[in-house]
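Beneath this line is the structure, given in structure tokens, with notes to follow.
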Amino acid sequence: ETAALAGFPHAVPVSDLLEARFGVMAGRTWAELEAAFGAAPRAWIDALADPHSDLGPPEGETGRAFHARVQGWLATLPDQGEVVAFTHAGVVLAALRLTVGLRAAEVAPGGVATLRRAGVDWWLVLGGPQGSEVTL
């Protein structure tokens, strides 16, 4: 729906780009999670952010499984051309971890992250003021 609203009416849903499965955390506020589980939710979120973690929220996805799913999508991308993806911040952060090794970032709603690939190397292109680009 978001893609169609942004001018991409023929966008195809891709299950690999779904947000992480949060299990017992889904649909609850942070206050509710802390009241029910204490400090454990923070550890579960940290585990989801770790591509090597076999932990995650109960009934949810592990960090390893979540990142493997995003990596699976990255592996399907063509060597040339452009692909536009509309997804959740968690998926964007996972893709940034897997491609350019960025461990933390803030992704605003409606934000744009541009990745370019040259062989096995990935480049993150950040939009600068008035449409200029800054590449890291």
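The values are calculated or read from the model by the stated rules, or taken from the named source; none is laboratory data. Since the structure is predicted, the reported quantities are computational estimates derived from the model, not experimental observations. Neighbour counts are summed over all protein chains in view; Cβ atoms, including those assigned to glycine, are modelled from backbone coordinates with ideal geometry. These accessible areas exclude ligands, DNA and RNA; they are computed on the full protein's heavy atoms, side chains included. Shrake-Rupley method; radii C 1.70, N 1.55, O 1.52, S 1.80 Å.
Just how much of Asp121 is accessible, in Å², when a 1.4 Å probe is used and the result is rounded to the nearest 10?
90 Å²
In nm, to one decimal, how far is the modelled label at Val107 from the one at His52, with both set 7 Å along Cα→Cβ?
2.2 nm
Considering only DSSP states other than H, G, I, E and B, which trypsin sites (Lys or Arg not before Pro) in segment 1-104 qualify as loop sites with at most 13 other Cβ atoms within 10 Å?
Filter output for segment 1-104: Arg103.
Under 8 Å for C-alpha pairs, at least 6 residues apart: give me the relative contact order for the chain, rounded to a whole percent.
18 percent
Calculated from DSSP H runs of 4 or more alone, at -39500 (n - 2.57) each and per residue, what is the 222 nm mean residue ellipticity of the chain, nearest 500?
The helix contribution divided over the chain gives -9500 deg cm²/dmol.
Could you pull the Rg and Dmax for segment 67-117, using just the Cα atoms, both in Å?
Considering segment 67-117 through its Cα atoms, Rg and Dmax are 10.7, 28 Å.
Modelling each spin label as a point 7 Å along the Cα-to-Cβ direction, I'd like the Ala3/Ala68 distance in nm, to one decimal.
Distance between label points: 2.5 nm.
Which FRET efficiency, nearest 0.05, do Val100 and Ala35 yield, Cβ-Cβ r, R0 35 Å?
The formula returns an efficiency of 0.40 here.
Between beta-carbons, use under 14 Å as the cut-off and find the net charge around Thr62, counting Lys and Arg +1, Asp and Glu -1.
-2
How far is helix 63-75 tilted, in degrees, relative to the longest principal axis of the Cα atoms in the chain, given as a value from 0 to 90 rounded to the nearest 10?
Computed tilt is about 20 degrees.
Averaging the inverse of every distinct alpha carbon separation and then flipping it gives the Kirkwood radius. What is it for segment 1-105, in angstrom units?
Over segment 1-105, the inverse of the mean reciprocal pair distance is 14.9 Å.
Between segment 68-113 and segment 11-29, what is the separation of their alpha carbon centroids in Å?
The two parts, judged by their Cα centres, are 15 Å apart.
Using DSSP loop states and a limit of at most 12 other Cβ atoms within 10 Å to flag GluC sites (Glu not before Pro), what is the longest stretch of the chain containing no flagged site?
Details: sites that count: Glu1, Glu59, Glu82, Glu106.
Longest site-free region, per DSSP loop and neighbour criteria: 2-58.
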